[in-house]
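What follows is one structure encoded as structure tokens, with my remarks underneath.
The values are calculated or read from the model by the stated rules, or taken from the named source; none is laboratory data. Here the structure is a predicted model, which is why all the values come from computation and not from measurement. Every residue, glycine among them, receives a Cβ derived from its backbone with ideal geometry; neighbour counts consider all protein chains shown. Accessible surface is based on the protein model in full, side chains and every heavy atom, while ligands, DNA and RNA are left aside. Shrake-Rupley method; radii C 1.70, N 1.55, O 1.52, S 1.80 Å.
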Amino acid sequence: MGLAARKVALDILCIGEKRAFRASPFQGKSFRALPPDDRALCEELVMGTWRWRNVLDSVIASWSRYPVERLETRVREALRLGVYEILFTRMPAPAAVSITVDAVGKASRQKALVNAVLRRVAEHSGHIEMPPIEDLESYIETRFSHPRWIVRRFIDTFGERGALALASFDQRVPPVTLRTNVLKTTRDSLVDLLRKAGVQARPGRYLDMAVEVSRAGPVTDLPGYHDGLFSIQDEGAMAVSLVVDPQPGEVVWDACAAPGGKTTHLAELMGDRGLVVATDKHEEGLGLLRHSVTRLGLRNIQIVYMDVTDLGSVAGKFEGPFDRVLVDAPCTGLGVLRRRADLRWRRREKDVSAMTDIQKKILNAVAPLVKPGGVLVYSTCTLTEEENQGVFSEFLEDHPEFSPSDPRPFLPASMFKDEVPPEPRYRLSTGPGTVLLLPHVHGTDGFFIARAVRCH
Ligand SMILES: C[S@@+](CC[C@H](N)C(=O)[O-])C[C@H]1O[C@@H](n2cnc3c(N)ncnc32)[C@H](O)[C@@H]1O
């Protein structure tokens, strides 16, 4: 039972070692061909293996004669997968060993190695060696499976307690949050519909349009999905479009739009009256947006494939300035590590400064197209000061025509009621016109949201 799910899981893990997934890792043909229960199992195994990689590697290192990093990719990933099943799931250890060995494929040498190491792990799985908590960097690196450079940054930015809380938060399986399509239904009717179908559904933590569901199986199988009654979106991401505060009849530009979660939210907030121009340089992501627009029944969205830093093409495509512009910028994504468990292993510290260059370029390109009196919102789903306050402060310095505007009035007070900056350093990372939603404080994905108004 479940051999196909494990084979596909192993393939996804091996692909993930070679390249980044542009969209979801769970979109390939072989994944989609699995029955719903197997898809859920495959997703859990892949995410769990990524999420706990350092714990798994330290166990493998204790029982393998070869260093983990020297093992062939397929053997290493099979060992990680097998150890994850033995340590973190209810699967009896002997069964976890044999099904992982079967999933490896035909190569008998690889199977023999996986079999030998997993058997030893299964026999001794009661005890896992951890660095002492006094050596906090090593402790968090192993116990909560984060790369060392991210651990150092978390400690520098949020202090020791903050870093521990944040890293342990990243290890939780995130809830699925839905955004009600208020043009088609109400939040309460959606909750009723889901409950009648046996899905555990409750209103979201903060926002009127949010619903949290506990589910087993693909979200696309939930009732109402194909009728466009909801989108899948975290409350942190929903907060961004609320801060843009688009009004019916306005012309709004979502500059980095794909795959379009915020574009469709902006259109819904406008009652689908006016125009949302959605641009991106990722063709496949814009394809996903096109699907969502049709599914949600939205009409006033114009999708344009373009690199917004190419000023010539921007000037050619748009006649006039915009009432509001959103730059939901590409970033290192350190605020969404619980959802994108693979990301922590792909990012390098040097990506931070590369990202800030891109973010500044994009902001500089869009700024002239904000109408005088218009609004510019800059957001990221990361937690580095350089990409957040650093980029926004520099933008304000270079563009005296913009002044910061407080985002908080556009968000419910409940979002900030229990907010006690856990460490003094935390205060440093936000200035006028910004909010920082922190996973371990707000319970949402991590988002930095900055708002500015063009004065002249
Ligand atoms: C964080 S994602 C946007 C997520 C999207 N706003 C949503 O809510 O679904 C950042 C996006 O910026 C796009 N991007 C990066 N550089 C760009 C550029 N120079 N011009 C246009 N889009 C760009 C990426 O392709 C990516 O889709």
In the range 266-290, how many are within 8 Å of the ligand (Cβ to nearest atom) and more than 24 Å from Ala210 (Cα to Cα)?
4
Residue in the range 44-65 that is outside any loop (DSSP other than H, G, I, E, B), farther than 19 Å from Val173 by Cβ and charged (D, E, K, R) present
yes
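With respect to Arg290, is the statement that it is touching a helix residue (DSSP H, G or I) at 6+ places or on another chain (Cβ under 7 Å), among the basic types (Lys, Arg) and surrounded by fewer than 20 Cβ atoms within 10 Å (Cβ to Cβ) true? Quick ask: steps written out before the conclusion?
Values: touching a helix residue (DSSP H, G or I) at 6+ places or on another chain (Cβ under 7 Å): no; among the basic types (Lys, Arg): yes; surrounded by fewer than 20 Cβ atoms within 10 Å (Cβ to Cβ): yes.
Answer is no for this residue.
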Can you work out which of the residues in the range 12-48 that are touching a Phe, Trp or Tyr at 6+ places or on another chain (Cβ under 9 Å) and without any contact (Cβ under 8 Å) to a residue 24 or more places away in the chain is most open to solvent (accessible area, probe 1.4 Å)?
Arg32
Right, Thr263: open to solvent by less than 20 Å² (accessible area, probe 1.4 Å), in the same structural domain as Arg408 (by TED's automatic domain parsing), within 8 Å of the ligand (Cβ to nearest atom) and within 17 Å of Leu183 (Cβ to Cβ) or not?
yes
Quick one: would you say Gly373 is surrounded by fewer than 21 Cβ atoms within 10 Å (Cβ to Cβ) and either without any contact (Cβ under 8 Å) to a residue 40 or more places away in the chain or in contact with a Pro (Cβ under 7 Å, 6 or more places away or on another chain) (or both)?
no
Counting only helices (runs of 4 or more DSSP H) wholly inside the range 339-413, the ones holding at least 3 residues that are away from the ligand (no atom under 16 Å from the Cβ), modelled with pLDDT of 95 or more and in the same structural domain as Thr434 (by TED's automatic domain parsing) are 391-398
Report, ordered by the first and then the second residue, all pairs with beta carbons closer than 7 Å, sequence separation of six or more or different chains, a first member in the range 257-278 that is on the phi > 0 side of the Ramachandran plot, and a second member that is in a helix (DSSP H, G or I) and surrounded by fewer than 24 Cβ atoms within 10 Å (Cβ to Cβ).
Gly260/Leu288; Gly260/Leu289; Gly260/Ser292
Can you name the residue in the range 325-337 that is under 11 Å from the mean Cα position of the chain (by Cα) and open to solvent by less than 10 Å² (accessible area, probe 1.4 Å) and, of all such residues, is farthest from the ligand (Cβ to nearest atom)?
Leu337
Result of the Cβ filter at 7 Å on the range 321-349, keeping first residues that are among the aromatic types (Phe, Trp, Tyr) and partners that are within 14 Å of the ligand (Cβ to nearest atom), at least 6 apart or interchain, is Phe322/Val252; Phe322/Trp253; Phe322/Leu369
Please go through (1) loosely packed, with under 14 Cβ neighbours inside 10 Å; (2) more than 26 Å from Ser414 (Cα to Cα) for Ser214 and return the number of the only condition it doesn't satisfy.
(2)
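Considering every residue within the range 183-201, establish whether at least one is of a type in the set (D, E, K, R) and either crowded, with 19+ Cβ neighbours inside 10 Å or within 11 Å of the ligand (Cβ to nearest atom) (or both).
So in the range 183-201, the residues of a type in the set (D, E, K, R) come out as 184, 187-188, 192, 195-196.
Of the ones still in play, those that are also either crowded, with 19+ Cβ neighbours inside 10 Å or within 11 Å of the ligand (Cβ to nearest atom) (or both) are 187.
Checking the range 183-201: at least one residue is of a type in the set (D, E, K, R) and either crowded, with 19+ Cβ neighbours inside 10 Å or within 11 Å of the ligand (Cβ to nearest atom) (or both).
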